[in-house]
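K.L.:
Sharing a structure, written as structure tokens. Questions coming.
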Amino acid sequence: MEYPSLDTAKAGAIRFNTDGNHLEIYDGNQWVIIVGDSPFLHTGGTRAVIAGGKLTHPARQNVIQFVNMDTTGNAVDFGDVLNASSGFFTAASRTRGIYAGAYTPGTYTNSIEFITIASQGNSTDFGADLSVARGNGWSASSSTRGIFAGGFDGGDRSTVIDYITIASTGTAAIDFGDLVQKGLCGGSSQVQSKTRAVFGGGDTPGAKVNLIQYVTISTLGNAADFGDLNELRGSVSAASNAVTGIYGGGASPTYFKSMDKITISTLGNAVEYGDLAEVIASFGSGASPTRILFAGGYSPAGPAKVDVMQYKQFASSGDTIDFGDLLGAAALVFPLTNGHGGL
């Protein structure tokens, strides 16, 4: 029999949760799981592994490249994805990365492939597929579950949300629910805490949107309204640690340099949070517990694809700083990391 506490817990108090069989610490507002794992144990820090990309239309690339997010520097070759593609859905645990869906010249795919983040090499077929062939949607993940929302199937924007268990190869994606509004993202997006996945901005037929919507990762059901971004942001890119989500750049139709911030645990509208050093749309993003990284994309000067990577600290309201360069200029590159906010 469980008895209630006689006193209100104080910040720093520790308990053992018998329902989940794990230790928790009280942070002053809520009980938080004590994690006995970290990206430092696997890769010496958070590794961003960046796949695919759009070159000169319609050409795509099959390159996988990576950087250590705790330092700065140019990307290093990791291996190859199965097909030259862009617009992946992504998910990651501490050890495994998932690339799902995507556009290959002439078609959208429902295939899923995976990598082991700590070891360089080519991706491997997951052995099962998405429920609908599509790409360029929103992604999120916890330590166990990957969620893939919306996107474009070659004919229309989608409302579909489905999910996989990251460790379970051979198991097809399962229906999760539907988005509030159908759409595609046009840039990479992985905004999540351990409990909540958040999808912001994007394109609906004929219009850009500022809607933010969310789901609870561990349950099933339709998305709900979260609030709004400050701009109608198509082709926006976003990532998060466990507390803060940052949305950068995009176009509507002019290119944005600004960034917006949300607090994932609360509902409400985004607030302005600095500027990009390079004005970019249709680009990649990934996160460590302390930093967000933006990579590649379209620049309004040309327009042209770029090889630029830039980053900022989540705790800073300032502008992004140069990180280094990708192996080559490309838009619609899609990173995953083993240090994002859902882990």
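The values are calculated or read from the model by the stated rules, or taken from the named source; none is laboratory data. If you're wondering where the values come from, they're calculated on a predicted model, not measured in any experiment. Don't worry about glycine lacking a Cβ; one is built from the backbone with ideal geometry, like all the others, and counts go over all protein chains shown.
K.L.:
Restricting segment 61-76 to residues that are outside any strand (DSSP E or B) and of a type in the set (Val, Ile, Thr), which is surrounded by the fewest Cβ atoms within 10 Å (Cβ to Cβ)?
P.N.:
Per the stated criteria, the residue is THR71.
K.L.:
For residues that are more than 14 Å from GLY286 (Cα to Cα) and either in contact (Cβ under 8 Å) with a residue 60 or more places away in the chain or among the basic types (Lys, Arg) (or both), scanning just segment 77-93, find the one that is surrounded by the fewest Cβ atoms within 10 Å (Cβ to Cβ). Explain how you work it out, then say what you get.
P.N.:
Here is the first cut: in segment 77-93, the ones more than 14 Å from GLY286 (Cα to Cα) are 77-87.
Then drop every residue that is not either in contact (Cβ under 8 Å) with a residue 60 or more places away in the chain or among the basic types (Lys, Arg) (or both), which leaves 77, 86-87.
Values: ASP77: 11, SER86: 26, GLY87: 30.
Among residues in segment 77-93 that are more than 14 Å from GLY286 (Cα to Cα) and either in contact (Cβ under 8 Å) with a residue 60 or more places away in the chain or among the basic types (Lys, Arg) (or both), the one surrounded by the fewest Cβ atoms within 10 Å (Cβ to Cβ) is ASP77.
K.L.:
Quick check on my filter: what residues within segment 110-119 are surrounded by 20 or more Cβ atoms within 10 Å (Cβ to Cβ) and part of a loop (DSSP other than H, G, I, E, B)?
P.N.:
Within segment 110-119, just ILE117 meets the criteria.
Per-residue answers, yes or no, for (1) of a type outside the set (A, V, I, L, M); (2) at pLDDT below 90; (3) within 25 Å of the chain's Cα centre (by Cα); (4) surrounded by fewer than 22 Cβ atoms within 10 Å (Cβ to Cβ):
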residue: ALA9; (1), (2), (3), (4): no, yes, no, yes
residue: GLY53; (1), (2), (3), (4): yes, no, yes, no
residue: ALA59; (1), (2), (3), (4): no, no, yes, yes
residue: PRO105; (1), (2), (3), (4): yes, no, yes, yes
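Let's see how each residue does on (1) assigned to a strand (DSSP E or B); (2) under 16 Å from SER188 (Cα atoms):
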{"position": "GLU272", "(1), (2)": "yes, no"}
{"position": "SER285", "(1), (2)": "yes, yes"}
{"position": "PRO289", "(1), (2)": "no, no"}
{"position": "ILE292", "(1), (2)": "yes, yes"}
{"position": "MET309", "(1), (2)": "yes, yes"}
{"position": "LYS312", "(1), (2)": "yes, no"}
{"position": "ALA315", "(1), (2)": "no, no"}
{"position": "ASP319", "(1), (2)": "no, no"}
{"position": "HIS340", "(1), (2)": "no, yes"}
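K.L.:
For the subset of segment 197-233 comprising residues that are part of a strand (DSSP E or B) and among the polar types (S, T, N, Q), which member is surrounded by the most Cβ atoms within 10 Å (Cβ to Cβ)?
P.N.:
My answer is GLN213.
K.L.:
For segment 252-309, name all the residues that are more than 28 Å from ALA224 (Cα to Cα), of a type in the set (A, V, I, L, M, F, W, C) and surrounded by fewer than 18 Cβ atoms within 10 Å (Cβ to Cβ).
P.N.:
ALA277, ALA301, ALA304
K.L.:
Residues of segment 136-161 being surrounded by fewer than 24 Cβ atoms within 10 Å (Cβ to Cβ), within 15 Å of the chain's Cα centre (by Cα) and assigned to a strand (DSSP E or B), which ones?
P.N.:
Selection gives ARG145 alone.
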